[in-house]
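Peer 1: Before I ask anything, here is the structure I am working with.
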Amino acid sequence: MAEGLFISIEGIDGSGKSTQLDHLTKRLDLEGIPYLLNREPGGSGVGMQIRQIVLDPKNPVSPTAELLLYFANRAQNVDEQIRPAMAEGKLVISDRYTDSTLAYQGVARDLGQDLVAQLHAIACRGTEPTLTIYLRIRPEVSANRLRNAKKDRLEAEGAAFHFRVYQAYEALAAAHPERIVPVNGERGEGSIADDIWRILMERWQRRDS
Ligand code: ADP
Ligand code: TYD
């Protein structure tokens, strides 16, 4: 059986990832394309428990503990979810992956991208997305979208933190144009969904080449 395809979707908080993944999974269901949706933090039983720890605004999680919690979650998901689904030939879609850790912990928390890369090698052992959709919106647009939302521990960080996350994503997209495809997220949901579908299907159809 052909190996599956591993893709990720990234962007700052409020960029519309959840909204787009709803559109995408509905369309995959209609087309009968077998997929696994992974989510980080979360994505597995152990992952959901880590998600609660890491996002609870009442928890005084230190930056290094935060970094390791995200990677513990990812290591679990790689073993329990992503690799088995790939072996079954599925399309694996991860709502966030290591680009999030590079942007949030590596840059915004200032822990360094080299450290993140070292932990990535330990936790993920070569499981890398072939394609990453980067939903690009400016931080002021997301702040406006989220102004009345209940905020988790990371979302509750200030505007300067979120601006650093945004700048980090922009730098990652510029550094990896062969993998990261920016999609303008400041448009109506439908046209963004159409773009993502087109990009994804183009890659899915030539997955064995
Ligand atoms: P994320 O999962 O990236 O945090 P969400 O999909 O939850 O983002 O969207 C954050 C907020 O923005 C929600 O209130 C959602 O309804 C709204 N939203 C999502 N996509 C768009 C869009 N294209 N235009 C305007 N608002 C949007
Ligand atoms: P997520 O559930 O994707 O939130 P949202 O749907 O609001 O974008 O992610 C929760 C938070 O965790 C988000 O603020 C980004 C943060 N995060 C990191 O800081 N590092 C990571 O490695 C990951 C995967 C997420």
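The values are calculated or read from the model by the stated rules, or taken from the named source; none is laboratory data. Predicted, not measured: the structure shown is a model, and the values here were computed from it. Methodologically, a virtual Cβ is constructed for each residue, glycine included, from the backbone with ideal geometry; neighbour enumeration extends over all protein chains shown. Just the protein is used for accessible areas: all its heavy atoms, side chains included, with ligands, DNA and RNA removed. Shrake-Rupley method; radii C 1.70, N 1.55, O 1.52, S 1.80 Å.
Peer 1: I'd like the per residue volume of the convex hull spanned by the Cα atoms of region 1-51, given in cubic angstrom.
Peer 2: Taking only Cα atoms, region 1-51 has a hull volume of 104 Å³ per residue.
Peer 1: I'd like to check one number: the per residue accessible area of region 5-205, probe 1.4 Å, reported in Å² as a whole number.
Peer 2: Using a 1.4 Å probe on heavy atoms only, each residue of region 5-205 averages 46 Å².
Peer 1: Using label points projected 7 Å from each Cα along Cα→Cβ, tell me how many nm separate GLN167 and ARG125, to one decimal.
Peer 2: A separation of 3.7 nm, rounded to one decimal place.
Peer 1: Quick one: with all protein chains in place, what share of the accessible area of the chain is carbon or sulfur, to the nearest percent (1.4 Å probe)? Provide the component values of the computation, followed by the final result.
Peer 2: Values: 5320 of 10030 Å².
Carbon-and-sulfur percentage of accessible area, whole number: 53.
Peer 1: I've got another one for you. What relative contact order, as a whole-number percentage, does the chain give when Cα pairs under 8 Å and 6 or more residues apart are counted?
Peer 2: Numbers: 305 pairs, mean separation 68.8, N = 209.
About 33 percent, as a whole number.
Peer 1: Between the DSSP loop rule and a limit of at most 12 other Cβ atoms within 10 Å, which chymotrypsin sites (Phe, Trp or Tyr not before Pro) in region 125-169 are left? Please report the intermediate quantities before stating the final value.
Peer 2: Working: sites: TYR134, PHE161, PHE163, TYR166, TYR169; in loops: none.
Loop-located and lightly packed - none at all.
Peer 1: With an 8 Å cut-off on Cα pairs and a minimum separation of 6 or more residues, tell me the relative contact order of region 1-83 in percent. Before the final figure, lay out the partial values.
Peer 2: Working: 47 pairs, mean separation 21.5, N = 83.
This gives 26 percent for region 1-83.
Peer 1: So for each of 34-40, 47-53, 199-205 I average, over its residues, the number of other beta carbons within 10 Å; can you give me the resulting order with the highest mean first?
Peer 2: Working: 34-40: 18.9, 47-53: 17.1, 199-205: 14.7.
Ranked from most to least packed, the peptides come out as 34-40, 47-53, 199-205.
Peer 1: The chain: D in µm²/s via Stokes-Einstein (Kirkwood Rh, Cα pairs, 37 °C, 0.692 mPa s)?
Peer 2: 189
Peer 1: In region 146-175, which residues have a backbone nitrogen under 15 Å from the label point lying 7 Å from THR19's Cα in the Cα-to-Cβ direction?
Peer 2: Under 15 Å, as judged by backbone N against the label point of THR19, lie 146-149 of region 146-175.
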